[in-house]
Structures are given as C-alpha cells and as structure tokens.
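No lab work stands behind these numbers, since they all come straight from the coordinates. Source: prediction; values computed, not measured. In this analysis, Cβ positions are derived from the backbone assuming ideal geometry, glycine residues included, and neighbour counts consider all displayed protein chains.
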Amino acid sequence: MNHSLLKSCKACGNQISRYSPFCRMCGHPQGSTFIIWLLVLFLILVLASYTAFMIYCACHVETLETHELSQQNLLMYSDLMDVFIAQLKNVA
C-alpha cells in the first residue's frame with residue numbers, strides 16, 4: 001500500500017488507511033469532531049426552542065383558552081345557521 005494513503009491512528013499510532021472511519025487495532029474513531037459539534041449544537045437549539053415554546057404557552061394560557069371559547073361559539077353559531085336555513089327551506 002502506498003504510504004501517502006496511510007496515516008497514523010490518533011490513539012494507538014498504528015498505520016491505517018486515510019479513508020478508514022476507525023482504527024482496526026484499537027477501534028478509535030478517526031473522523032472529524034466537527035460533525036459531532038454540529039450535532040450537539042443542533043440538539044441544544046432544539047431543546048432551547050422547545051423550552052421557549054413551553055414558556056410562551058405557559059404565559060399565554062388565557063389567550064389560548066379564549067381562542068378555544070371563540071371556536072366553540074363559532075360552532076354553536078354555525079349550528080344555529082343550519083337550523084335557520086332548514087326552517088327557511090320548510091317555509092318556501
């Protein structure tokens with residue numbers, strides 16, 4: 001094998017392929033830690049977004065409850081309109 005295609009393992013120092021994701025002797029991962037840090041950053045952002053959403057919902061409970069009440073009122077009005085239309089059809 002060509003020496004330009006080999007590199008030393010970061011943990012044990014054995015010669016391994018430059019394209020190997022881990023050392024076959026010790027099992028140490030050879031990849032970049034950049035991807036791991038991106039994953040950690042993504043998870044932190046997801047947790048922060050979830051926490052912010054939960055805090056927002058806790059602070060606006062009254063608004064959400066009045067919104068649910070207005071939806072119930074709309075359903076009640078639509079039922080009344082259906083009854084009214086049915087009575088108009090019976091008259092005509």
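Once the chain from residue 35 to residue 50 is taken as fully extended at 0.36 nm per residue, the excess over their C-alpha distance is 3.1 nm. Within region 1-45, the trypsin sites (Lys or Arg not before Pro) that combine a DSSP coil assignment with at most 11 other C-beta atoms in a 10 angstrom radius are 18, 24.
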